[in-house]
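J.: Handing you a structure now.
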Amino acid sequence: MKETPFSQSSPSSSLDEQHPSGTLPPATTLNGNTGAATYVSPTVLPVSAPVYLRFFTGMRSVWERLTANKKISAGTGIVGFFVLVAIFGPMLIRQDPNTLSQLSNAHPSAAHLLGTTTLGQDIFGQIIVGTRTSMFWGILTGLLVTMLSVIVGLIGGYSGGFVDEILSLLTNVFLVLPALPLAIVLASYFPRGPLTIAMVIVFTSWAWGARVLRSQTLSMRSREFVTAARAGGESRWHIIFAEILPNEISIVAANFVSTTLYVILAEASLEFLGLGDASTVSWGTMFYWAEKSDALFLGLWWWFVPPGLCIALLGAGLAFINFGIDEIADPRLRSEPQQKRRKMQKAVSA
Amino acid sequence: MRHILRRIIFYLVALWASVTLNFFIPRLAPGDPAQALLGRFERQGPISPAALKALQAAFGIDTHDPLWDQYFKYLQNLLTGNLGLSFTYYPTTVFDVIAQDIVWSLVLGGVTVAISFTLGCLIGIFSAWRRGSVFDATLAPVMTFLSAIPYFWLALIILYIFGFKLGWFPFSDGYDTTLDIAWTPDFILSALFHAILPALTIIISAISGWLLVMRNSMITTLSEDYVLMAQAKGLSSRRVMFAYAARNAILPNVTGFALALGFIVSGQLLTEIVFSYPGIGFSLLQAVQGQDYPLLQGIFLVIAAAVLGANFLADMLYVALDPRVRLDRSAEA
Amino acid sequence: MTTTVATNKLLEVKNLGVDYSAANGTVHAVIDVSFTLERGKVLGLAGESGSGKSTLAYAITRLLRPPALITGGKVIYYPEPIEKSNGAKHAKNNAWELDAPTDILQCSPQQLRAFRWDTMAIVFQSAMNALNPVMNIGAQIMDVLQTHRPEMGPDARRIRAIELLKLVGIAPDRLRSYPHELSGGMRQRAVIAIALALNPEIIIMDEPTTALDVVVQREILTEIMQLSKEFGFSVIFITHDLSLLLELADNVAIMYAGRIVEYASQDDLYSHPRHPYSYGLLNSFPTLYGPRLKMAGIPGTPPDLRAIPSGCAFHPRCPLAFEPCNRVLPILQPLNMADSEQSSLVACHLYDARFREEPPGTEEIGTHYAALAERSERS
């Protein structure tokens, strides 16, 4: 990507104000210690750093701030656990989880940690393999939804005028249309399988992210660095995706997290309805078979409880990350230090 | 007034969009699902010419009319309530199937949304007001966990515990099927009794969303100067909490109504399926499993119309609550 | 000035301290502040932003919230002696009303609620943020009346609200207007009208006009002063603009890094600023009258309140700093001069006979500032 002297502003850059104009604040000359040096400034790159480097620095400062928040650390821990299970778990399962056996409806035991289905399939094995399927499609779909949101939101917000009018209208319409029923109608016309489910979810759930990103882009459009890039003759695509996008990366990330949470719930719902490929093992198809086999009335709680618990845990992890991000964005939401509270309440108004 | 007019136009556009999507989806689908459906109909028995016409208009089969003509014929049919025949419930019309279901779903949905919204907002207000207390500190993570639970899973658990294990509640249907559907005390009581578990599921799942938004918004509002001034005025805590803080803090929850409602309606559909509740969700399942496209699309249209209507009401509520939009500035949905 | 202090005392702040506990250290926002407000007087509180003046105001009204914490001190309110008050104005409205000198920081929630607004009102910095956006102006006046004057009926409340609006120059038909429908100046007037609703004895004004343009600012200040004369309430006026205070305050307290560094009558401060910081503050705004001085300004920035410099907090920025300044904390004490009025207090070693025999004159401080200005110009 081409670099011009104009494309130099990065989001956290207080750099511009410190340009060497030669005048130091008198305080520094009078007193070497201004006492204000306790704040460690985020890594600021030299102004000529290429786009990809600035992108990664942006990501790194996001990461540094994320791990400082308790909710985010907890959320990341949970999600990380599921990612590890999804990657390595299936390697430890020796048997195809769809293998039938004589041992049907078995209670959880040492041999079958989570018991078996009515067809004698090992539920623990299904959960592990299902984790991989569900995580893979969940994250992939989440990425696709986010990409669509980014494209619609940024183009609309940056272009303004007629293009924006149309894209906003489209976004707002999709925002009020009931997403899951629409996804169900769509999915029922297409061949059943994870790809269909991913596609119908992408089609029906991009609007929220697009709306958030559009308003953010709208406010960025008149910032100096965009004006400068425009004056420097940069193409519209370069400005949108190389100048504006890196500055919105934290919002995009937050959006990805909440989208993935929604996507995992929606995929499980669609598969539960029987719109998935019933022969693949995933959390959603486990529900489908459990429901179809009347697991509930046979008292086979070990069949339908584990996949739901996995979804709820993973979802809670994602939700924690999201609330943590909210706290970073709005410091008023952060909880205050606990000690001294009692004393404070005495002195402070009721 | 201009704002309200704009909103009305917007919802009409949204309604038109869902109707049009409905028209094009079967025509753009791979293979020829409609032709296959027609074949299945024909195998089932003779179809009246009128029903055949409706099917042809809805799916664009066996016709050489230009798309425009098909489209207008389709719109005409919609306006007269002609949604075609249901395949699953042949020869009942889709309109009749939905008309039977929709009351159950609307009542269940309306009541649960109202309860969860009220409770969620109230608990959110108190949680933010008593911020940092044990109540608040335990509530937030619990609600976060609840917000991530799939509705149908919660439904399964609740049904398993209260219906199957404890046997306190019936585990299917919307009323005692031995009774006639009528406004008799027996029937109403039995309908209420059957609705408790599905309603509980929806309320528990939906409440966390309202609550968390309300709590965060309330915390932000509490640090506003006007809340500080209300305190300085020596007003009672209740007045500061409701007239000053909550009155402003509730606005994001009303704005976010569209998104939340989408979730809740979807969740309700799945809940109805788990409880075999005679609402629209259960027919949806039948339609999906029987590839009953006319019913499926009819259901989608009705849900879309209901959701759009509810959103319009929420918009009007917003106008009533926030004097700033009453002038003319438009707050996009 | 000759009346006895005892009967005129309205509010006495004693050794008040406020901390903010933050993750990276405790911020001492107000340290050991004491002053007395007299009936009918205007006390100015001046200082740069971050000097703790607003925190002080919120502490007095008990409006501080966590993580702010009052670490100690008293805020004593002296009610008007019963025999002196003419009864009609202050028939006891409420069982919780204070009738003996009371520490506001210790009173019960009920007492506090009765005290608030009835005795002490506050005008916030930004009127836009101080008014509830979803409630009309009338309702925001009338709910004060409803709470504190329960005997008033709805009609009486309405009449009073209209009267108040007229008092601050707002047309009565604005009663039903919402804050966003008013101009900035009108909003601030509305806030003042709300403050006047119960005829309070004290009104705290926290930079009430900073958000307004100069013309409106002038109008509103004139009005506040007229109202104060008319109704006899005392004002604690907080601002960073010392020149404003010289026009309207009776006494001025200068704050730096959480402490009061100088307390003097308006005349005295104007003609003889004692503390080098007061001098700098006074001369950092152009004055229309008086001798043409070189605009020197104060070098540097206010200190980080987590790490206040040792000794005198101002010493790193002070052009007259000498040996004891970075090690001995100066305390606020009466001037050691025979010709000075006893009301002037200053916290500076220049006036301490232990460290310097002859206190500096105003000119000497000026010379040092001028020299400093020249040095920084040359470099």
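J.: Out of the GluC sites (Glu not before Pro) in the range C:110-194, which ones are loop residues according to DSSP with at most 12 other C-beta atoms within 10 Å? Before the final figure, lay out the partial values.
T.: Details: sites: C:Glu151, C:Glu163, C:Glu181; in loops: C:Glu151.
Filter output for the range C:110-194: C:Glu151.
J.: If you place +1 on the Cβ of every Lys and Arg, -1 on the Cβ of every Asp and Glu, and leave all else neutral, what size is the dipole of the protein assembly as shown about its Cα centre, to the nearest 20 Debye? All intermediate terms of the calculation are to be shown ahead of the outcome.
T.: On the way: 77 positive and 82 negative charges, 142 e Å.
Dipole about the Cα centre, nearest 20: 680 debye.
J.: Additional query: Return the Cα extents of the range B:52-208 along principal axes one, two and three, sorted largest first, each rounded to a whole Å.
T.: 70, 41, 27
J.: Mind checking which of C:Thr367, C:Leu164, C:Pro150 is farthest towards the positive end of chain C's charge dipole, using Cβ charges of +1 (Lys, Arg) and -1 (Asp, Glu) about the Cα centre?
T.: Final value for the positive-end residue is C:Pro150.
J.: Kindly identify the range A:59-99 as rounded, prolate or oblate by the Cα gyration tensor criterion: order the square roots of the eigenvalues as a ≥ b ≥ c, call it rounded if a/c is under 1.5, otherwise compare a/b with b/c, prolate if a/b is larger, else oblate. Before the final figure, lay out the partial values.
T.: On the way: a/c = 5.55, a/b = 3.29, b/c = 1.68.
Note, shape of the range A:59-99 comes out prolate.
J.: Where does the charge balance sit around A:Trp301 when Lys and Arg score +1, Asp and Glu -1, over other residues with C-beta under 14 Å from its C-beta? Walk me through the intermediate numbers first.
T.: Working: positive: B:Lys165; negative: A:Glu291, A:Asp294.
Once all neighbours under 14 Å are counted, the net charge is -1.
J.: What are the radius of gyration and Dmax of the protein assembly as shown, computed over its Cα atoms and given in Å?
T.: My reading of the Cα-based Rg and Dmax gives 35.3, 120 Å.
J.: Which three extents, in angstrom, do the Cα atoms of chain B have along their principal axes, listed largest first?
T.: 78, 55, 39
J.: Grab the alpha carbons of the range C:93-147, take their convex hull, and tell me the volume per residue in Å³. Provide the component values of the computation, followed by the final result.
T.: Working: hull volume 5.7 nm³, N = 55.
Taking only Cα atoms, the range C:93-147 has a hull volume of 104 Å³ per residue.
J.: Residue by residue through A:282-294, how many Cβ atoms from other chains fall within 10 Å of the Cβ on average?
T.: Numbers: counts 0, 2, 2, 0, 0, 6, 0, 0, 1, 5, 1, 0, 0.
Mean number of neighbouring Cβ atoms from other chains: 1.
J.: Here's a follow-up. Under a point spin-label approximation (7 Å from Cα along Cα-to-Cβ), what is the A:Glu165-B:Met1 distance to one decimal in nm?
T.: 2.4 nm
J.: For the range A:88-169, go through all pairs of different Cα atoms, get the mean of 1/r, take its inverse, and jot down that Kirkwood value in Å.
T.: Numbers: mean 1/r = 0.0628 Å⁻¹.
Evaluated over the range A:88-169, this radius sits at 15.9 Å.
J.: Report, as an integer, the average count of C-beta atoms from other chains found within 10 Å of each Cβ along C:133-143.
T.: 4
J.: For a test of the definition: using alpha carbon positions, the gyration tensor, and the 1.5 limit on a/c, classify the range C:157-227 as rounded, prolate or oblate. Mind dumping the intermediate values first?
T.: Details: a/c = 1.83, a/b = 1.17, b/c = 1.56.
The shape class here is oblate.
J.: Counting partner chain Cβ atoms within 10 Å of every residue's Cβ in B:133-146, what's the average?
T.: Details: counts 1, 0, 0, 1, 2, 0, 0, 4, 6, 1, 2, 11, 7, 4.
Partner-chain Cβ atoms within 10 Å, mean over residues of B:133-146: 3.
J.: Can you tell me the mean projection area, over all orientations, of the convex hull of chain C's alpha carbons? Units nm², please.
T.: Values: hull surface 84.1 nm².
The directionally averaged projection comes out at 21.0 nm².
J.: At 25 °C and 0.890 mPa s, what whole-number value in µm²/s does Stokes-Einstein give for the translational diffusion of the range A:173-225, with Rh from the Kirkwood sum over Cα pairs? Please list the in-between numbers first.
T.: Details: Rh = 12.8 Å.
Answer from the Stokes-Einstein relation: 192 µm²/s.
J.: Rounded to whole Å and ordered largest first, report the semi-axes of the equivalent ellipsoid of the range A:147-286 derived from its Cα gyration tensor (root of 5λ).
T.: Working: eigenvalues 244, 44, 26 Å².
After scaling each eigenvalue by five and taking roots: 35, 15, 11 Å.
J.: When N is the residue count of the range B:232-326, what does its C-alpha Rg come to as a fraction of 2.2 N^0.38 Å? Don't jump to the answer; show the numbers that get you there.
T.: Working: Rg = 19.4 Å, N = 95, 2.2 N^0.38 = 12.4 Å.
Normalised by 2.2 N^0.38 Å, the Cα Rg of the range B:232-326 equals 1.56.
J.: To the nearest 20 debye, what is the magnitude of the charge dipole of the range B:214-332 about its Cα centre, counting +1 on the Cβ of each Lys and Arg and -1 on the Cβ of each Asp and Glu? Each step should come with its number before you reach the end.
T.: Values: 8 positive and 8 negative charges, 122 e Å.
For this selection, approximately 580 debye.
J.: Express in whole angstrom the spacing between the alpha-carbon centres of the range C:107-152 and the range C:350-365.
T.: Using only Cα atoms, the two centres lie 48 Å from each other.
J.: Give me the percent of Cα-Cα pairs in the range A:57-201 that sit more than 28 Å apart, rounded to a whole number. Present the calculation step by step, with values, prior to reporting the outcome.
T.: On the way: 4966 of 10440 pairs.
I get 48 percent for the Cα pairs in the range A:57-201 exceeding 28 Å.
J.: Could you compute the net charge surrounding B:Tyr244? Neighbours are other residues with a C-beta less than 13 Å from the C-beta of B:Tyr244; K and R count +1, D and E count -1. Write down the numbers at each step before the final one.
T.: Values: positive: B:Lys233, B:Arg238, B:Arg239, B:Arg247; negative: B:Glu224, B:Asp225, C:Asp143.
My count for the surroundings of B:Tyr244 gives +1.
J.: Treating only the Cβ of Lys, Arg, Asp and Glu as charged (+1, +1, -1, -1), what charge dipole size does chain C show about its Cα centre? Round to the nearest 20 debye. Working shown, then result.
T.: On the way: 35 positive and 41 negative charges, 178 e Å.
Charge dipole, chain C, about its Cα centre: 860 debye, nearest 20.
Every number in this text was worked out from the coordinates using simple rules, so none of it is lab data. The model shown is predicted, which means the values in this text are computed figures rather than measured ones. All Cβ positions, glycine included, derive from the backbone under ideal geometry; neighbour counts span all protein chains shown.
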